[in-house]
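Below is one structure, written out as structure tokens, with a few remarks after it.
The values are calculated or read from the model by the stated rules, or taken from the named source; none is laboratory data. As the structure is a prediction and not an experimental result, all values here were calculated from the model. With ideal geometry, Cβ positions are generated from the backbone for all residues, glycine too; neighbour counts draw on all protein chains shown. When the accessible area is computed, the model is the full protein with side chains, heavy atoms only, and any ligands, DNA or RNA have been set aside. Shrake-Rupley method; radii C 1.70, N 1.55, O 1.52, S 1.80 Å.
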Amino acid sequence: MVWSGCNASSKSVKAAGSTMPDKERKAAPEFELKDADGKTVRLSDYKGKVVLLDFWATWCGPCKIEIPWFIQFERQYKDHGFAVIGVSMDEEGWTVVKPFVSELAINYRILQGNDSTAQLYGGVDALPTTFLIDRDGRIAATHVGLAGKDAIEDGIKRLVSRPSAGLTGRFVPAILFGAN
Amino acid sequence: MVVKPGAGVAVKTSVLLKSGYHVNSNTPSEKYLIPLRLTWEPGLLETVEVVFPKPHMEKYEFSPNPLSVFTGDFELVTKFKVAANASTGPGMALGKLRYQACNNNSCLPPKTLEIRLPLVVQ
């Protein structure tokens, strides 16, 4: 007889009601990933914007609930200096992601993620994990697991309504976090 | 486990899931879900059949329809036939359990567990 254990674990949900106070926010790690066209995309490309950074996968049911919300947020707030970035953690890559993006008519940018990028953001053990990044490149809210739509949208509204504080050192290079 | 050349043998694999989590069954109800799979490398033992328990249909917050899942502790039974020309002595069967677990509001990445089944051919 063989005993096999599935040692599943998950972080507790740290869904902020909306956003953290300014002084508690930390810089969002810079990353460099490819989009569906093979174009390199960096977080720093979104300098000055509020960014909803969503780590997700096609096999993740809770992610499928949130994606239509994010489509709506992209449409509703893009003219207010807001953008959604979806980072797919599918091992099979674009083969499975592209049809999924078409099927759900995703209107925001999707990038192919990897473990090193996930590590920069604390490991991203559970999906979905969503970060709200303010105009100064700092993480203002983290939602692990299926979050409430209203809580996310409230955070977006708060962040887009505020101009950049003009902080320097917006994006912290990955090397400072010990990434390879 | 002691086996004889040409004989049939059944092996139970016990799976213990953490409370609150489920894995998709071997026959998921949605095409996007990753099924539970137990496979064995060809060798001393030839896999005849892997028998899964009857899945539960469970409703979760993230799915409009009930999903075909396994929860709690359950067993998979693999029916093998020992190779007729198997040499006597110790051996090992190698299996892989592929699963993907979720709770009610988040999912963990798919994992593959390696299973090593020591056996002796007599």
The residue that is farthest from the other protein chains (Cβ to nearest Cβ), considering only those in region A:102-126 that are touching a Leu at 6+ places or on another chain (Cβ under 8 Å) and in a strand (DSSP E or B), is A:L111
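Looking at region B:45-65, can you tell me whether even one residue there is more than 27 Å from A:A147 (Cβ to Cβ) and either over 16 Å from the mean Cα position of the chain (by Cα) or touching a residue at least 60 places away in the same chain (Cβ under 8 Å) (or both)? Lay out the reasoning, then the answer.
Let us first name the residues in region B:45-65 that are more than 27 Å from A:A147 (Cβ to Cβ), namely B:45-55.
Narrowing further to those that are either over 16 Å from the mean Cα position of the chain (by Cα) or touching a residue at least 60 places away in the same chain (Cβ under 8 Å) (or both): B:45.
Scanning region B:45-65 turns up at least one residue that is more than 27 Å from A:A147 (Cβ to Cβ) and either over 16 Å from the mean Cα position of the chain (by Cα) or touching a residue at least 60 places away in the same chain (Cβ under 8 Å) (or both).
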If we ask which residues in region A:127-145 are open to solvent by 30 Å² or more (accessible area, probe 1.4 Å) and either in a loop (DSSP other than H, G, I, E, B) or of a type in the set (G, A, S) (or both), their number turns out to be 1
Screening B:K18, B:K81, B:K12 for residues that are more than 9 Å from chain A (Cβ to nearest Cβ) and of a type in the set (K, R) leaves only B:K81
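Which fully enclosed strands (runs of 3 or more DSSP E) of region B:1-98 have 3 or more residues being within 30 Å of B:V120 (Cβ to Cβ)?
On the way: elements: B:8-17, B:22-24, B:37-40, B:45-51, B:56-58, B:67-71, B:73-82.
So the answer is B:8-17, B:37-40, B:45-51, B:73-82.
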Every listed condition ((1) assigned to a helix (DSSP H, G or I); (2) touching a residue at least 40 places away in the same chain (Cβ under 8 Å); (3) more than 14 Å from chain B (Cβ to nearest Cβ); (4) open to solvent by less than 20 Å² (accessible area, probe 1.4 Å)) holds for A:S44 save (4)
With respect to B:E75, is the statement that it is of a type outside the set (A, V, I, L, M), at pLDDT 95 or above and surrounded by fewer than 17 Cβ atoms within 10 Å (Cβ to Cβ) true? yes
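Would you confirm, using the coordinates I've provided, whether A:G148 is within 14 Å of chain B (Cβ to nearest Cβ) and surrounded by fewer than 19 Cβ atoms within 10 Å (Cβ to Cβ)?
Values: within 14 Å of chain B (Cβ to nearest Cβ): yes; surrounded by fewer than 19 Cβ atoms within 10 Å (Cβ to Cβ): yes.
Considered against the rule, which asks whether it is within 14 Å of chain B (Cβ to nearest Cβ) and surrounded by fewer than 19 Cβ atoms within 10 Å (Cβ to Cβ), A:G148 comes out as yes.
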Flagged in region A:48-62 as under 17 Å from A:A83 (Cβ atoms) and either at pLDDT below 95 or not in a loop (DSSP other than H, G, I, E, B) (or both), in numbering order, are A:V50, A:V51, A:L52, A:L53, A:D54, A:F55, A:W56
Subset of region B:104-118, residues open to solvent by 10 Å² or more (accessible area, probe 1.4 Å) and at pLDDT 95 or above, comes to B:L108, B:P109, B:P110, B:K111, B:T112, B:L113, B:E114, B:R116, B:P118
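Inside region A:86-108, can you point out the residues that are open to solvent by 70 Å² or more (accessible area, probe 1.4 Å) and touching a residue at least 60 places away in the same chain (Cβ under 8 Å)?
Filtering region A:86-108 for residues open to solvent by 70 Å² or more (accessible area, probe 1.4 Å) gives A:91-92, A:95, A:98-99, A:102-103.
Hit for region A:86-108 is A:K98, nothing else.
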Filtering region A:47-105 for residues that are farther than 17 Å from A:G155 by Cβ and among the acidic types (D, E) leaves a count of 5
